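Structure record follows, encoded as structure tokens.
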Amino acid sequence: MNVSLKIFIGFTVLFLLYHAAAYMIMIENNIPGFFVFQFLFFLSAWLISKWQTGRGLSAWGLAFSPKLGKFLIGGASMGILLYGFSWWVNILSGTEFIQQVPAISNILIQTLPFAFGVIFSSLSEDILTRGYVYFHLHKKFSNLVIIGLSSVIYVFNHIYKLGNGPESWLYLFFLGILFIFPLVITQRLWFTAAMHWAGNTFFFITHQVIDTQSTSKGYLANYLFCLCILMFLPLTYLVIKKSKLASYKH
């Protein structure tokens with residue numbers, strides 16, 4: 001079979017399974033259905049990798065490493081810092097305000113199930129829009145092209161947000177750059193996966209558990225988030241470099 005066709009088939013299968021899981025949780029509120037399709041996604045990711053590369057999930061950047069702890073701690077820390085800093089900026093700028101903060105016990109009760117479930121949704125999206133794309137293109141195109149293409153795919157993968165307007169597309173594109181960047185310089189998906197998971201979890205806490213409301217200037221929040229992302233690009237590079245996680249093997 002033609003290599004390009006195999007790549008297209010693999011991506012299509014993963015795309016459909018990812019969005020079947022997303023539909024189950026976002027539209028149907030069907031938790032068992034979500035986990036069934038997530039299981040099928042990871043099983044398919046493994047089978048597709050075997051079919052295309054002869055390897056397992058390591059082909060998509062999930063090879064285990066003695067530095068796994070550093071990848072996960074570094075990535076999670078950056079995710080919390082990014083979303084925490086942007087939330088603080090929104091509060092100070094008046095684009096958002098805190099209406100109510102529940103008790104810590106309630107925060108934990110509401111957050112833990114979400115934090116568990118988002119491990120799978122974040123990691124599956126990372127495989128689909130980053131690991132899969134990087135593996136198939138990194139020997140054919142420059143890192144700049146790969147970063148741009150992965151970020152565009154990441155934008156269009158958010159099919160439920162495409163109707164929110166250009167400011168949403170812009171922050172998703174910049175976020176796509178920030179998330180593919182660690183993969184390019186480490187050859188591993190772990191740092192990105194931890195950053196993505198921690199960021200999603202922190203956003204859930206600050207906007208769903210803690211009652212944070214937008215003001216009349218709320219439309220500026222996405223633009224401010226874009227600025228925060230751009231600030232975190234060099235910071236992410238420095239954290240990876242100082243942690244000795246960078247790899248320049250291709």
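The values are calculated or read from the model by the stated rules, or taken from the named source; none is laboratory data. Computed from a predicted structure; not experimentally measured. Virtual Cβ from ideal backbone geometry, glycine too; neighbours counted across all protein chains shown.
Any residue that is modelled with pLDDT under 95, within 25 Å of T212 (Cβ to Cβ) and aromatic (F, W, Y) - is there at least one of those in the range 64-87?
Among the residues of the range 64-87, not one is modelled with pLDDT under 95, within 25 Å of T212 (Cβ to Cβ) and aromatic (F, W, Y), which makes the answer no.
Please go through the range 49-89 and pick out each residue that is more than 21 Å from W197 (Cα to Cα) and buried (at least 19 other Cβ atoms within 10 Å of the Cβ).
Residue satisfying the conditions is S49 alone.
Select from the range 135-163 the residues that are aromatic (F, W, Y) and either within 15 Å of the chain's Cα centre (by Cα) or in a loop (DSSP other than H, G, I, E, B) (or both) and write down the one among them that is farthest from Y219 (Cα to Cα).
F141
Six or more apart or on different chains, Cβ atoms under 8 Å: show the pairs whose first residue is in the range 160-180 and at negative phi and whose second is among the acidic types (D, E).
As it stands, the answer is F179/D126, since those pairs meet every condition given.
Kindly establish whether F181 is out of contact with any helix residue (DSSP H, G or I) (no Cβ under 6 Å at 6 or more places or on another chain) and crowded, with 21+ Cβ neighbours inside 10 Å.
yes
Being out of contact with any helix residue (DSSP H, G or I) (no Cβ under 7 Å at 6 or more places or on another chain) and either on the phi > 0 side of the Ramachandran plot or touching a residue at least 12 places away in the same chain (Cβ under 8 Å) (or both) is the filter here; which residues of the range 66-77 pass it?
Result: K67, K70, I73, S77.
Residue under question is V89, and the condition is that it be assigned to a helix (DSSP H, G or I), touching a Leu at 6+ places or on another chain (Cβ under 9 Å) and β-branched (V, I, T); does it hold?
yes
Identify, by number, the condition in (1) surrounded by 13 or more Cβ atoms within 10 Å (Cβ to Cβ); (2) closer than 24 Å to F232 by Cα; (3) hydroxyl-bearing (S, T, Y) that S142 doesn't meet.
(1)
Please verify whether the range 139-154 includes one or more residues that are charged (D, E, K, R), under 22 Å from L82 (Cβ atoms) and either in the same structural domain as S124 (by TED's automatic domain parsing) or touching a residue at least 12 places away in the same chain (Cβ under 8 Å) (or both).
Among the residues of the range 139-154, not one is charged (D, E, K, R), under 22 Å from L82 (Cβ atoms) and either in the same structural domain as S124 (by TED's automatic domain parsing) or touching a residue at least 12 places away in the same chain (Cβ under 8 Å) (or both), which makes the answer no.
Please tell me if Y132 is assigned to a helix (DSSP H, G or I) and under 19 Å from H19 (Cβ atoms).
yes
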